[in-house]
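Engineer: Shown below is the structure under consideration.
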Amino acid sequence: MAQTRKPSRHKGKTRIRMTGRLLAVLVWAILLAPDGVQAAIYTFVDQHGTVHFTNVPNDPRYRPGVIRPQFRGGRAARAGDPRLYEEHIQRAASRYEMDPLLIKAVIKAESNFDCLAVSAKGAKGLMQLMPDTAADLNVWNPFDPQENIFGGTNYLRQMMARFGGDLRLALAAYNAGPGRVEAAQGIPLIPETQQYVTKVIQHYRQMTAAASPSTRWLGAAN
């Protein structure tokens, strides 16, 4: 998950409680609906990292979103379809001069292409942006696939530049924060971070091997 050095902020508690009730109603409506039905809502994340949901968008920051039911104790929620985000990935790769397969590998490891994924630590969306990181990257709705992918790719590019193009260090910084990588002068001895780097590299190699030669990025991991 992408992190920055800033501490988390916790504001807007009343707003969370109010929207939480709306969210619960919407989720139950989906669960009682026929299979495959999805409820359209509107959502945005404010400057404090508070997530707002509504079915009546009265603020220009609201963007269309979708709530999908998450099944616990039964069948797991299905992974997202990578094809839905292909255009965003290709455009972000072009803007930030990054390999689109690397972006896909990070998304695969971070959220398995679930645009509504939220980690236990509060990272959100496809590339699992922490609230402060998202704000620094001008990503106001991390559940919006385009915003999330462009923000996450931008941040990954920053980490690549900061660590001299070393992919493993850049991925470690994306997960644990650049300060920890610099303090450790390498990949920190954090099991989650070490496993994360290995996982992304593995996905990246598999995707590169499966890609046609004409679409392979010259800087693919070796």
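What follows draws every value from the coordinates through simple rules; no lab data is involved. Quick caveat, the model's predicted, so the values are computed rather than measured. Cβ atoms come from the backbone with ideal geometry, glycine included; neighbour counts cover every protein chain shown.
Engineer: Compute the distance in nm between two label points, each set 7 Å from the Cα along the Cα-to-Cβ direction, one at residue 120 and one at residue 209.
Structural biologist: 3.2 nm
Engineer: Put a dot 7 Å past each Cα toward the Cβ at residue 94 and residue 112; how far apart are the dots in nm?
Structural biologist: 3.2 nm
Engineer: In what sequence do 127, 207 fall when counting other Cβ within 10 Å, fewest first?
Structural biologist: Starting with the residue having the fewest Cβ neighbours, the order is 207, 127.
Engineer: Between residue 190 and residue 61, take the C-beta separation as r, use R0 = 45 Å, and let me know the FRET efficiency to the nearest 0.05.
Structural biologist: 0.80
Engineer: Would you mind ranking 111, 94 by Cβ crowding within 10 Å, fewest neighbours first?
Structural biologist: 94, 111
Engineer: Over the Cα atoms of the stretch 82-211, compute the convex hull volume and normalise it per residue, giving Å³.
Structural biologist: Numbers: hull volume 12.7 nm³, N = 130.
Spread over its residues, the Cα hull of the stretch 82-211 gives 98 Å³ apiece.
Engineer: Fewest to most neighbouring Cβ within 10 Å: what's the order for 124, 199, 104?
Structural biologist: Working: 124 26, 199 17, 104 20.
Taking fewest neighbouring Cβ atoms as first place, the list is 199, 104, 124.
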